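Just so you know, all these numbers are worked out from the coordinates, no wet-lab data involved. If you're wondering where the values come from, they're calculated on a predicted model, not measured in any experiment. As a convention, Cβ positions derive from the backbone with ideal geometry for all residues, glycine included, and neighbour counts pool all protein chains shown.
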């Protein structure tokens, strides 16, 4: 073994291959990354009927039913054998408890069966690192927007620091719950269907605007539009398309505003949009207008990487593993709350 | 009858308080101690979400032994139910990705 290792390792460092397990919300994904290259990234999404959200217990059941098939797909597509893997990364948090644990149990089991180190990854860090990897953004202000999280983040002194965030519900949660009011389909996602309907909206309905300093608030906007929707539709003052359009324009304007303020504060010329809401092209467009005015550049990814996936956990895991991180089994518990700035960013030297 | 109806909720609490903690032991046999240890390693790290429920795992020979204690039957059932789901996951994972797969060393 040693002699073989010497022969192989003489020229250049051995590539590092990391498998990542993600299951913190309704997407279940397993991805394999080798030195920044995505070898596979299959995903299975739990889609609920129109008008219904996803509950922790049912989502956990979904993950339990599909995880072994998704894992097998990830290995097959990547043409990777367990012995080729250097590290098993999984989402430690934040997210929904039961789905997180269901996914982590399988990650812990394969790590032990294959005799590989285990690594717990912060889900938000996964989004940031995958976004940086895919887009090539070097030191961006990051807008992380999804069904569970809304944060404006900038890197400083070994931490991804949160400059602004939601003080109540996530922007994606606001959109998802609005979709339930109108019984918009959850397939492929409520946000995608709102985006398509919003393209046909013509009338901008006045909605509350919830920016509080560097933070944003969406629950009041949601309550307002939930109450107003039926009246506006019944009296033909607005179409469902108008409501989708108005809601998007309002909440995205808020996000662009706090992102711009963070950029001004940090003197940053890059914005990276990550998270499931980040694949909304209208949000990307609005961000682009703001950035152009500042001489800055917007980086965004498509639905393969914006939406929760296994490769993003593998990518953050790869960065962590190569700088010496691993997680002992006794420290591998999952946590519903796990702030982005709790993680020391050992892999960046800037 | 009237008396018991009126006292239902408080009487129930008193019974459970008087009887102390409920406990339940689960013994899961594995083909080898190695696999019992893998199951242990996969299932012990997550504490119960409710702190009044205590779940203690250990390996005895080739068996995984789990002791649950809780102040109420209802809580015990919830903890036990989700534990069985996770146990099933780890066993299925062993069957599909376990020792039949070639090992590194």
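Before moving on, here are some points about what is shown:
- FRET efficiency, 1/(1 + (r/R0)^6) with R0 25 Å, evaluated for residue A:227 and residue A:202 via beta carbons: 0.65
- Fraction of beta bridges assigned by DSSP in segment A:139-305 that are antiparallel (%, nearest 5): 55
- Extended-chain gain in nm, criterion 0.36 nm per residue less alpha-carbon gap, residue A:269 and residue A:282: 2.6 nm
- Between residue B:23 and residue A:47, the FRET efficiency from the beta-carbon distance, with R0 = 41 Å, is close to 0.50.
- Across chain A, the mean sequence separation of Cα contacts (distance under 8 Å, 6 or more residues apart), normalised by length, yields a relative contact order of 25 percent.
- When peptides B:33-43, B:87-97 are sorted by average Cβ neighbour count within 10 Å, with the highest value leading, the order is B:33-43, B:87-97.
- With both residues required to sit in chain A, DSSP beta bridges show an antiparallel share near 55%.
- 10 Å Cβ neighbours from other chains, averaged over peptide B:87-96: 5
- Summarised as an ellipsoid, segment A:36-136 has semi-axes of 23, 17, 15 Å, derived from the eigenvalues of the Cα gyration tensor scaled by 5 and square-rooted, with the largest first.
- Counting, for every residue in A:166-176, the Cβ atoms of other protein chains within 10 Å of its Cβ and taking the mean gives 0.
- Extending 7 Å from Cα along the Cβ direction at residue B:73 and again at residue A:158 yields two label points whose distance is 5.5 nm.
- Extended-chain gain in nm, criterion 0.36 nm per residue less alpha-carbon gap, residue A:139 and residue A:183: 11.8 nm
- Crossing angle, helix A:310-322 versus chain A [Cα axis fit, 0-90 degrees, rounded to tens]: 50
- In terms of overall dimensions, segment A:139-305 has a Cα radius of gyration and Dmax of 15.6, 55 angstrom.
- Angle in degrees between helix A:281-294 and the longest Cα principal axis of chain A, rounded to the nearest 10: 90
- With 5 Å bins beginning at zero, the pair-distance distribution over Cα atoms of segment A:88-173 amounts to 3, 12, 19, 20, 18, 13, 10, 4, 0 %.
- Principal axis extents of the Cα atoms in segment A:123-191, from largest to smallest and rounded to whole angstrom, are 45, 27, 16.
- Spin-label model distance (nm) - residue A:237 vs residue A:58, 7 Å beyond Cα toward Cβ: 3.3
- Highest to lowest packing among A:306-318, A:143-155, scored as the average C-beta count within 10 Å: A:306-318, A:143-155
- Between the alpha-carbon centres of segment A:218-271 and segment A:56-98 there is a gap of 34 Å.
- Contour minus Cα-Cα distance for residue B:33 and residue B:54 (0.36 nm per residue): 5.2 nm
- Relative contact order %, segment A:28-116, counting alpha carbon pairs below 8 Å whose residues are six or more apart: 29
- Percent of C-alpha pairs per 5 Å bin, segment A:190-246, short to long: 4, 19, 23, 26, 18, 7, 3, 0
- Cα-based helix-to-principal-axis angle, A:219-234 vs chain A, degrees rounded to 10: 50
- A Stokes-Einstein calculation at 10 °C with viscosity 1.306 mPa s, built on the Kirkwood radius of segment A:262-350 over Cα pairs, returns a diffusion coefficient of 102 µm²/s.
- Translational diffusion coefficient (Stokes-Einstein; Kirkwood radius from C-alpha pairs) of the protein assembly as shown at 10 °C, 1.306 mPa s, in µm²/s: 67
- Theoretical FRET efficiency, 1/(1+(r/R0)^6), r = Cβ-Cβ of residue A:304 and residue A:344, R0 25 Å, to 0.05: 0.30
- Cβ neighbours within 10 Å from other chains - mean over A:109-121: 5
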